[in-house]
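Some notes on the structure that comes next.
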Amino acid sequence: MAKVVKFGGSSLADANQFRKVAEIIRSDRERRYVVPSAPGKRFPEDTKVTDMLYQCYEAVGKGKNATAEFLPIAERFNEIISDLGLTINLDGEYDIIAENFRKRAGRDYAASRGEYLNGIILANYLGFQFVDAAKCIYFAANGEFDHDLTDACLASVLGGYPEAVIPGFYGARPDGTIQTFSRGGSDFTGSVVAKAINADLYENWTDVSGFLAADPHIVENPEIIEYITYKELRELSYMGAGVLHQDAIFPVRTARIPINIRNTNIPDAKGTMIVPEAPKEADSKIITGIAGKKHFSVISIEKDEMNSEVGFLRRLLTVFDNEGIGFEHIPTGIDTMSLVVSTEELEAHPNTVEYIEQVCRPNHIEVINNFALVAVVGRGMKERKGTATRIFAALSHANINIKMIDQGSSELNIIVGIHEKDFEKAVRVIYDMFMLSE
Ligand code: ASP
């Protein structure tokens, strides 16, 4: 049996946090493969080591002295080392990094050194083998992550060690240059490692006790979600409810390995289990969570006999394709079609409406701004009648006008479009309707 345990930056921000992490790992012998982030913030105004590294690399690019600029970063690591009473000395590593900064080894190389150095310290503290991610996590020459090569390589390297620390966030291209995943990408590394060793569980340790059923800035004290399926999480994280990097479920999902979100500071809390299917006893709730996003625009198009005009949608979407704009939803009527897109993206492509007019020749086209989407997500909806009625009743009692309705084809979510000004209120009344009455 083996568990992969990933610890986020706040879990490894200083020596005290390192001690908590070691205690968690030592309390369960199955916690054998550890993926650390770089040290995060120790207090709200603090700077994450990853951000310090980006800044340092930039300063060196502008002619500043690499060794001097790197000093505050070295000091953060040295403080952890000395506070833990370890005897390792990383001066040689710091010299190599400063030299590589001077030689302009790349922004990704710079950022990755936080995880790299933290991994060395953690491995030393735990007495585990250190495995450099550059030797077993690979990208192709075009920068795309190479799943197959990584999977095979990790399985064979880690097969040789009963316990190991593999730094998160980065890997290497075929020529050896370092490349990182996007920000927060250590979550993805943890998932890739879990898949490669066919772990029984991927534990993701952070500073919250799991996913909340709604944004705590909007709903006071929302419930912690006990079980959530991969699919539900996709619906929620896509709408901005991130605790976990949004790509992190993909590697483990194919292997049906559950992810457990846990709190390093409250290790006894059970956290949230992300699973292929929730167990029966967890299935009593209709709604698993509510999330949403503001700052959308609706492009509303009207054209007589649109329904019988073959190829209309294809022509319309060609414009989006050519402009490289993604869209969220396309609710349609007989002679109308609306596209919900992010306002920011639309503003970045100011000629979009003109192109649509040229290609589709509509009778009328207009852009409506200040639109918000609220996603109500729950695997329990499928079996129960009246969910939509309850959502609409809650919104109507709160005097909120619904501008768009969309139910996902898997009956896993209902999305409503409303005016931005009603967003917070809408989330609150829907939460109250389902969570407080069950
Ligand atoms: N240290 C990286 C970041 O700050 C990656 C991570 O923590 O997952 O984004």
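The values are calculated or read from the model by the stated rules, or taken from the named source; none is laboratory data. Since this is a predicted model, take the numbers as computed values, not measurements. Cβ placement follows ideal geometry from the backbone for every residue including glycine, while neighbour counts extend to all protein chains displayed.
Every residue, every condition in (1) modelled with pLDDT of 95 or more; (2) surrounded by 12 or more Cβ atoms within 10 Å (Cβ to Cβ); (3) basic (Lys, Arg), yes or no:
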residue: Leu313; (1), (2), (3): no, yes, no
residue: Leu316; (1), (2), (3): no, yes, no
residue: Phe320; (1), (2), (3): no, yes, no
residue: Gly326; (1), (2), (3): no, no, no
residue: His329; (1), (2), (3): no, yes, no
residue: Asp335; (1), (2), (3): no, yes, no
residue: Asn369; (1), (2), (3): yes, yes, no
residue: Gly380; (1), (2), (3): no, yes, no
residue: Ala398; (1), (2), (3): yes, yes, no
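Before we move on, is Ser191 touching a residue at least 24 places away in the same chain (Cβ under 8 Å), surrounded by 24 or more Cβ atoms within 10 Å (Cβ to Cβ) and in contact with a His (Cβ under 9 Å, 6 or more places away or on another chain)?
So Ser191 passes the test.
I want to confirm something. Restricting to region 39-53 and keeping residues that are out of contact with any Lys or Arg (no Cβ under 7 Å at 6 or more places or on another chain) and touching a residue at least 12 places away in the same chain (Cβ under 8 Å), which single residue is surrounded by the most Cβ atoms within 10 Å (Cβ to Cβ)?
The selected residue is Thr50.
Tell me which of these Cys136 doesn't satisfy, since it passes every other one: (1) more than 19 Å from Ile249 (Cα to Cα); (2) within 16 Å of the ligand (Cβ to nearest atom); (3) crowded, with 22+ Cβ neighbours inside 10 Å; (4) not polar (S, T, N, Q).
Cys136 satisfies every listed condition except (2).
Considering region 147-172 alone, what residues qualify as being in contact (Cβ under 8 Å) with a residue 12 or more places away in the chain, within 23 Å of the chain's Cα centre (by Cα) and more than 16 Å from the ligand (Cβ to nearest atom)?
Residues satisfying the conditions are His147, Thr150, Asp151, Leu154, Ala172.
Are any residues in region 18-41 in a loop (DSSP other than H, G, I, E, B), among the charged types (D, E, K, R) and away from the ligand (no atom under 14 Å from the Cβ), and if so, which ones?
Asp28, Arg29, Glu30
Could you tell me whether region 398-408 includes any residue that is part of a helix (DSSP H, G or I) and either β-branched (Val, Ile, Thr) or under 28 Å from the mean Cα position of the chain (by Cα) (or both)?
Scanning region 398-408, I find no residue that is part of a helix (DSSP H, G or I) and either β-branched (Val, Ile, Thr) or under 28 Å from the mean Cα position of the chain (by Cα) (or both), so the answer is no.
Within region 166-188, how many residues turn out to be on the phi > 0 side of the Ramachandran plot and buried (at least 24 other Cβ atoms within 10 Å of the Cβ)?
Number of matching residues: 1.
For region 174-189, which residues satisfy the criterion of being within 9 Å of the ligand (Cβ to nearest atom) and either of a type outside the set (Asp, Glu) or more than 20 Å from the chain's Cα centre (by Cα) (or both)?
Thr180, Phe181, Ser182, Arg183, Gly184, Gly185, Ser186, Phe188, Thr189
Suppose we filter Gly271, Gly292 for residues that are surrounded by 20 or more Cβ atoms within 10 Å (Cβ to Cβ), over 30 Å from Pro331 (Cβ atoms) and not hydrophobic (A, V, I, L, M, F, W, C); which single one remains?
Among Gly271, Gly292, only Gly271 is surrounded by 20 or more Cβ atoms within 10 Å (Cβ to Cβ), over 30 Å from Pro331 (Cβ atoms) and not hydrophobic (A, V, I, L, M, F, W, C).
Which residues, counting only those in region 11-49, are closer than 18 Å to Phe188 by Cα and β-branched (Val, Ile, Thr)?
Val34, Val35
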